[in-house]
1. Quick one: which residue in 15, 71, 26 is surrounded by 10 or more Cβ atoms within 10 Å (Cβ to Cβ) and at pLDDT 90 or above?
2. Can you say whether residue 9 is at pLDDT 85 or above, at negative phi and not in a loop (DSSP other than H, G, I, E, B), as far as the supplied structure shows?
3. So, in segment 36-77, how many residues would count as being more than 15 Å from residue 19 (Cα to Cα), in a loop (DSSP other than H, G, I, E, B) and either touching a residue at least 24 places away in the same chain (Cβ under 8 Å) or touching a helix residue (DSSP H, G or I) at 6+ places or on another chain (Cβ under 6 Å) (or both)?
4. Any idea which residue in segment 19-35 is farthest from residue 65 (Cα to Cα), counting only those that are outside any helix (DSSP H, G or I) and in contact with a helix residue (DSSP H, G or I) (Cβ under 9 Å, 6 or more places away or on another chain)?
């Protein structure tokens with residue numbers, strides 16, 4: 001198995017998606033405080049594009065979702 005594929009399988013995607021969904025639905029204040037308007041639009045676009053399934057996104061898009069979700073949750077970029 002290629003190293004990148006092995007690494008992708010170790011990422012807890014269900015947690016990433018659950019956190020993203022919570023942030024969009026319940027964490028509005030945190031999202032508004034920690035993300036720019038363009039980041040909020042990008043997260044919404046990527047979550048819609050994924051239809052709740054990480055495999056519907058490219059590896060680059062999945063990495064971007066993870067980065068935006070982390071920033072939204074913690075306030076720290078990357």
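1. 71
2. no
3. 2
4. Our first condition is that a residue be outside any helix (DSSP H, G or I); within segment 19-35, this holds for 26-27, 35.
From what is left, the residues that are in contact with a helix residue (DSSP H, G or I) (Cβ under 9 Å, 6 or more places away or on another chain) are 27, 35.
Details: 27: 16, 35: 12 Å.
Among residues in segment 19-35 that are outside any helix (DSSP H, G or I) and in contact with a helix residue (DSSP H, G or I) (Cβ under 9 Å, 6 or more places away or on another chain), the one farthest from residue 65 (Cα to Cα) is 27.
The values are calculated or read from the model by the stated rules, or taken from the named source; none is laboratory data. Computed from a predicted structure; not experimentally measured. No Cβ is skipped: glycine too gets one built from the backbone with ideal geometry, and neighbour counts run over all protein chains shown.
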